[in-house]
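A short reminder: the numbers here are calculations on the coordinates, not readings from a lab. As the structure is a computational prediction, the values presented were derived from the model and not from experiment. Counting neighbours? That spans all protein chains shown, and the Cβs are built from the backbone with ideal geometry, glycine included.
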Amino acid sequence: MRYSERIRELKEERLAVVLAHVYQRGEVQDIADYIGDSLELSKKAINTKAEVIVFCGVRFMAEMAFILNPGRVILLPDLNTGCELADMATVEKLRAKKRNILMLR
């Protein structure tokens, strides 16, 4: 049995949906239920009736899906997927920026 066939069976058995970012490989997009950018996929995650959401993208996308979909299982195939832009935003930098904004008022 081919992987794609087995994945389709598992999606049906587990009431799962696969969301793939536009930069994913063709093989991943072929088995995805939805393909799009970060914002579009987050909206799809909210509107789906699936119990399990497999997010083929970077970590912050899966984290957002987790926040927006309490009670659902969110799976991220590769936990090491990062985003340079998102990783630049540390808690310390956010607090410093907030202090600077408040001082300007």
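On a full-extension model of 0.36 nm per residue, what is the gain between R8 and I46, subtracting their alpha-carbon distance, rounded to one decimal in nm?
Stretched out fully, the R8 to I46 stretch lengthens by 11.6 nm.
Determine the dipole magnitude for segment 3-104: charges of +1 sit on the beta-carbon of Lys and Arg, -1 on that of Asp and Glu, nothing else is charged, the reference point is the Cα centre, and the result goes in debye to the nearest 20.
Dipole size: approximately 640 debye.
From zero up to wherever the largest Cα-Cα distance of the chain sits, split into 10 Å bins and tell me the percent of pairs in each.
14, 40, 26, 13, 5, 2, 0
Quickly rank 19-30, 44-55 as a protection proxy: mean count of other C-beta atoms within 10 Å, highest first.
Packing order, densest peptide first, comes out as 44-55, 19-30.
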